[in-house]
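Shown next, in structure tokens, is the structure this report addresses.
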Amino acid sequence: MKRAFSRVIALLLLIGLALAAAVYHLNVRGEDPITASKEAPASAQLIASGEYLARTGNCMACHTARGGAPYAGGLGILTPFGTVYTSNLTPDAPTGIGAWSASEFWRALHNGRSRDGRLLYPAFPYSNYTHVTRADSDAIFAYLRSLPPVAQANRPHELRFPYNSTPALAVWRALFFKPMRFEPDTKQSADWNRGAYLVQGLGHCNACHASRNALGATSGTLDLSGGLIPVQNWYAPSLTSAHEAGVAEWRLSDIVELMRTGVSAQGTVVGPMAEVVQNSTQYWTDADLLAMATYLKALPQSQAAREPVTVQPPLPDSRGAKLYKVHCAQCHGEQGEGAAQAYPALAGNRAVTMVSPANLVRMVLAGGFAPATKGNPRPYGMPPFAMVFSNDDTAAVVSYIRSAWGNQANAVSTLEVIQLRNGLQY
């Protein structure tokens with residue numbers, strides 16, 4: 001009996017060691033050895049290229065705390081597992097990247113590993129940045145090293161157990177992360193390939209535009225099928241669905257205009273996407289905007305049939321109709337027709353009729369504002385109604401908008417409004 005028990009224990013130990021070895025191997029695969037070497041001073045051209053690439057990746061948005069020095073870190077990124085604080089990217093040696101080498105910076109982007117060997121949390125989207133080329137990584141590093149150093153110690157993350165443990169992170173990476181390199185598709189145009197590189201890599205579009213599993217992982221950088229942004233409760237619509245945010249039928253010029261200015265004949269960006277346009281894409285070159293538009297327009301569209309919805313037109317004296325007439329019609333029109341170049345039409349607006357009502361509810365409660373850009377410096381905005389509408393009021397007016405003027409979308413319940421209003425997962 002004792003011998004059999006000992007064998008079971010030994011077998012379990014062997015299995016545990018084998019799993020630990022597998023996890024270790026999967027966490028170091030694809031890593032190049034870090035060798036000490038003297039690096040030549042960066043040229044002005046390389047620094048300028050790195051500045052553009054850092055803007056393309058919207059690096060400063062996360063690595064700058066509100067009111068803090070640019071790139072000095074300290075911004076708290078809320079996740080379902082706790083808060084991750086961004087790191088100092090200025091060239092301060094004790095607290096920033098002043099002591100880093102270009103190879104160590106490349107390893108952080110490509111392998112998700114810090115200078116001291118620590119595994120990085122995937123709130124830093126290295127699952128996307130792994131596609132970035134070494135040349136682009138070196139340019140970004142040269143730019144960051146040219147910034148004024150800021151002495152600001154990195155703040156420890158505040159994650160719940162077991163998510164704050166290195167073994168748990170190692171298992172996550174073994175399951176969901178693999179270092180990759182961007183491989184151009186020889187069957188596609190140069191614009192398509194450049195767009196694919198930007199969208200999958202530096203643009204890290206699927207960090208928002210993809211659903212995540214219970215452990216916070218996406219199915220891969222090619223997944224752009226839409227998903228609720230954790231904690232924020234904004235829904236990043238599918239880029240592969242004509243019912244959500246697919247642009248297969250748009251003109252390239254309209255896609256470019258939307259990404260450059262935040263508004264176009266086809267729509268307006270609000271919420272988290274407004275921040276992306278304001279901080280990043282409005283500064284992209286015309287060539288890169290066209291490349292991204294080319295790639296997005298060519299994305300295979302989902303063939304899944306949308307479940308048909310048939311709703312009765314709302315009564316003109318319903319609660320939602322009355323609230324709309326008093327608070328909304330002045331801007332959006334009696335028939336939801338909107339006002340050109342100012343207020344979007346609600347009739348026939350796919351942002352209104354998406355299956356998920358999250359964005360519409362958040363727009364009503366928190367307001368909606370297009371980004372201030374060089375091409376649209378004084379955008380029109382929508383005021384918040386969180387202090388005006390009760391949960392019942394919000395459900396009523398949102399349900400009215402989703403069923404009036406020929407719109408066909410399900411009603412929104414008070415419970416759904418409460419969940420979204422309180423920042424709960426929905």
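The values are calculated or read from the model by the stated rules, or taken from the named source; none is laboratory data. Just so it is clear, the structure is predicted and the values come from calculations on it, not from any experiment. We place every Cβ from the backbone using ideal geometry, glycine too, and count neighbours over all the protein chains shown.
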So, first residue within 15 Å of residue 97 (Cβ to Cβ) in the range 107-136, second residue buried (at least 22 other Cβ atoms within 10 Å of the Cβ) and among the basic types (Lys, Arg), Cβ within less than 9 Å, six or more apart or across chains; the pairs are 113/107; 114/107; 115/107
Residue check: is residue 364 out of contact with any Asp or Glu (no Cβ under 8 Å at 6 or more places or on another chain) and more than 30 Å from residue 260 (Cβ to Cβ)? no
Of a type outside the set (Asp, Glu), at pLDDT 90 or above and either part of a loop (DSSP other than H, G, I, E, B) or within 31 Å of the chain's Cα centre (by Cα) (or both), is that true of residue 61? yes
Inter-residue pairs, beta-carbon under 8 Å, first on the phi > 0 side of the Ramachandran plot and in the range 62-91, second of a type in the set (Asp, Glu) and at pLDDT 95 or above, 6+ apart: 82/158
Can you name the residue in the range 373-413 that is surrounded by 16 or more Cβ atoms within 10 Å (Cβ to Cβ) and over 23 Å from residue 333 (Cα atoms) and, of all such residues, is nearest to the chain's Cα centre (by Cα)? 373
From 300, 371, which residue is in contact with a helix residue (DSSP H, G or I) (Cβ under 9 Å, 6 or more places away or on another chain), assigned to a loop (DSSP other than H, G, I, E, B), closer than 30 Å to residue 197 by Cβ and not small (Gly, Ala, Ser)? 371
Provide a single number: the residues in the range 382-398 that are farther than 18 Å from residue 343 by Cβ and aromatic (Phe, Trp, Tyr). 1
Identify all residues within the range 335-377 that are of a type in the set (A, V, I, L, M, F, W, C) and free of Cβ contacts under 8 Å to residues at least 12 places away in the same chain; write none if there are none. 339, 340
State whether the residues of the range 174-185 include one that is under 12 Å from the mean Cα position of the chain (by Cα), buried (at least 16 other Cβ atoms within 10 Å of the Cβ) and touching a residue at least 12 places away in the same chain (Cβ under 8 Å). no
What residue, among those in the range 90-143 that are assigned to a helix (DSSP H, G or I) and among the aliphatic types (A, V, I, L, M), is surrounded by the fewest Cβ atoms within 10 Å (Cβ to Cβ)? 135
Quick check on residue 345: is it assigned to a helix (DSSP H, G or I), modelled with pLDDT of 90 or more and under 18 Å from residue 265 (Cα atoms)? no
For the structure I just gave you, tell me whether residue 212 is among the charged types (D, E, K, R), surrounded by 15 or more Cβ atoms within 10 Å (Cβ to Cβ) and under 13 Å from the mean Cα position of the chain (by Cα). yes
Residues that are in a loop (DSSP other than H, G, I, E, B), buried (at least 20 other Cβ atoms within 10 Å of the Cβ) and in contact (Cβ under 8 Å) with a residue 60 or more places away in the chain: does the range 253-262 have at least one? yes
Let me confirm something: among 288, 254, which residue is acidic (Asp, Glu), touching a helix residue (DSSP H, G or I) at 6+ places or on another chain (Cβ under 8 Å) and over 30 Å from residue 393 (Cα atoms)? 288
